[in-house]
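Worksheet: one structure, shown below.
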Amino acid sequence: MININENFLKLQAGYLFPEIGRRVSAFAKANPDADIIKLGIGDVTEPLAPAVIEAMHDAVDEMSRIETFHGYDDSGRGYDFLIDAIIKNDYAPRGVKIEPSEVFISDGSKCDTGNFQEIFGIDNVVGVADPVYPVYVDTNVMAGRTGSADDKGRYGKIVYMPCTAQNDFVPELPTKDVDLIYLCFPNNPTGAVANKAQLAKWVEYAKEHKSIILFDAAYEAFISDPELPHSIYEIDGAKEVAVEFRSFSKTAGFTGVRCAFTIVPKKLKAYKADGSACEVNPIWARRHCTKFNGVSYITQKGAAAVYSPAGKKQIRQTIELYMSNAALICRGLSDLGYDVYGGVNAPYVWLKTPAGFGSWNFFDRVLEKAHVVGTPGAGFGAAGEGYLRLSAFNKTEKVKEAVKRFEQV
Ligand code: MLT
């Protein structure tokens, strides 16, 4: 008799975005004339940059000729041309020295942030912000590291670190010992960004507790404040305690193309039962190359073009367009009397629901009255209750129209 992995049965309802999709489809079916504006899932709407398209076309042509055809990427970790461009453009200008063997190209930060926990023991205590990107929690539930959920959807063995308006949505250090810490800045869903002093506290905590920080920086390209760190490695000592995840999805419109990368420093250590240290980098390399066969040559060529002078300029224009949408949402909704957070260094606006409305109630009301789709804050964790997330990824006209329609909510 085949047994199921019962950890999967501990997962809460469906994954958040399919559940939203289900409610929106039901609404659309019942209201076929409604012009629904989607500010829910953070999926990009602008096409790929011309420089990326050109590079991908060239790569397709290369694949058509015997002398320039590419099969498997032998290293399994990504092509040197992309790894070098990442090091030179994303890290060197910030004074961060990364070695090529510390970079792993992958097909997405969702997969990498979800998969990374696999290489750590099952008894590690996991700490997450609340609210949080659901992937960090759900993958630890699947692994059997969390216990069961209570009636608020909180898992007994996870340490939740509440992010509220009182702490500017940046979590305080936990009072319990945590081994594996997930941090995401700019934050999904709140749009908050930790400054260097705040990150330094986490690095210090991780060093003291021999913990590891999984730092999700998928939205770093949306930071406009020059004082804010884009990488956790801008903090002294972070290479000893942190893995960093970056993605081309939101930065360069690759949600449907799939390319991301993860930095696993050589200095990063985890510990064996006898207390002796072992390097994490070769273990991740082993796992990555065993379960993953690389991102296509065509995609990696497209990603490398993001760093060309034309590519940089083009993606910057698109990011500015999305951030001007975020500003429209913040301004428009503040004018209507809502409390809004985020939306300045991140493409997400975190909106406090009016008194008496829970997240899902307000989600339904906004859908019904304004035909606008947001994401209920409660879907990101108990501390997200009472908030709705609005994404800035849409056409400006649609965003303007959505904001206007909030007058009817
Ligand atoms: C979101 O809306 O939170 C993101 O699009 C999800 C993701 O990047 O996987």
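Quick check on this structure: which one of 35, 43, 74 is at pLDDT below 95, part of a loop (DSSP other than H, G, I, E, B) and exposed (fewer than 15 other Cβ atoms within 10 Å of the Cβ)?
74
Suppose we keep only residues that are within 16 Å of the ligand (Cβ to nearest atom) and assigned to a loop (DSSP other than H, G, I, E, B) within the range 13-32. Which one would you say is farthest from the chain's Cα centre (by Cα)?
Checked the range 13-32; the qualifying residue farthest from the chain's Cα centre (by Cα) is 14.
Can residue 137 be described as in a loop (DSSP other than H, G, I, E, B), within 16 Å of the ligand (Cβ to nearest atom) and closer than 18 Å to residue 112 by Cα?
The answer is no for residue 137.
Look at the range 325-360 and say how many of its residues are polar (S, T, N, Q) and part of a loop (DSSP other than H, G, I, E, B).
So the count comes out to 2.
Filter the range 108-126 down to the residues that are in a loop (DSSP other than H, G, I, E, B) and crowded, with 19+ Cβ neighbours inside 10 Å and list them by number. First the steps, then the outcome.
First, the residues of the range 108-126 that are in a loop (DSSP other than H, G, I, E, B): 108, 120-125.
Passing the criteria: 108, 120.
Anything in the range 331-356 that is more than 17 Å from residue 170 (Cα to Cα) and touching a Leu at 6+ places or on another chain (Cβ under 9 Å)? List them, or say none.
333, 338, 339, 353
Criterion first (surrounded by 15 or more Cβ atoms within 10 Å (Cβ to Cβ), in contact (Cβ under 8 Å) with a residue 12 or more places away in the chain and of a type outside the set (A, V, I, L, M)) does residue 177 satisfy it?
When the stated conditions are applied, residue 177 does not pass them.
In the range 298-313, what residues are over 19 Å from residue 111 (Cβ atoms) and crowded, with 21+ Cβ neighbours inside 10 Å?
301, 304, 305, 306, 311
Just need a number here: residues in the range 366-398 that are in a helix (DSSP H, G or I) and within 13 Å of the ligand (Cβ to nearest atom).
Step one: of the range 366-398, the residues in a helix (DSSP H, G or I) are 366-370, 377-380, 382-384, 396-398.
Still in the list and also within 13 Å of the ligand (Cβ to nearest atom): 377, 379-380, 384.
So the count comes out to 4.
Among the residues of the range 89-110, write down those that are farther than 19 Å from residue 222 by Cα, of a type outside the set (Gly, Ala, Ser) and in contact (Cβ under 8 Å) with a residue 12 or more places away in the chain.
96, 98, 99, 100, 102, 103, 104, 105, 107
Might you let me know whether the range 43-56 holds any residue that is of a type in the set (Val, Ile, Thr), within 30 Å of residue 22 (Cα to Cα) and touching a residue at least 12 places away in the same chain (Cβ under 8 Å)?
Yes, the range 43-56 contains at least one residue that is of a type in the set (Val, Ile, Thr), within 30 Å of residue 22 (Cα to Cα) and touching a residue at least 12 places away in the same chain (Cβ under 8 Å).
Name every residue in the range 342-365 that is out of contact with any Pro (no Cβ under 9 Å at 6 or more places or on another chain) and within 16 Å of the ligand (Cβ to nearest atom), in order of residue number.
343, 349, 351
Considering only residues that are surrounded by 15 or more Cβ atoms within 10 Å (Cβ to Cβ) and within 18 Å of residue 301 (Cα to Cα), look in the range 46-57 and name the one that is farthest from the ligand (Cβ to nearest atom).
Filtering the range 46-57 down to residues surrounded by 15 or more Cβ atoms within 10 Å (Cβ to Cβ) leaves 46, 48-49, 51-52, 54-56.
Right, trim to within 18 Å of residue 301 (Cα to Cα) and you get 48-49, 51-52, 54-56.
On the way: 48: 17, 49: 19, 51: 23, 52: 19, 54: 26, 55: 23, 56: 22 Å.
My answer is 54.
The values are calculated or read from the model by the stated rules, or taken from the named source; none is laboratory data. From a predicted model like this one, the values you see are computed outputs, not experimental measurements. Glycine gets a Cβ as well: all are built from the backbone with ideal geometry, and neighbour counts include every protein chain shown.
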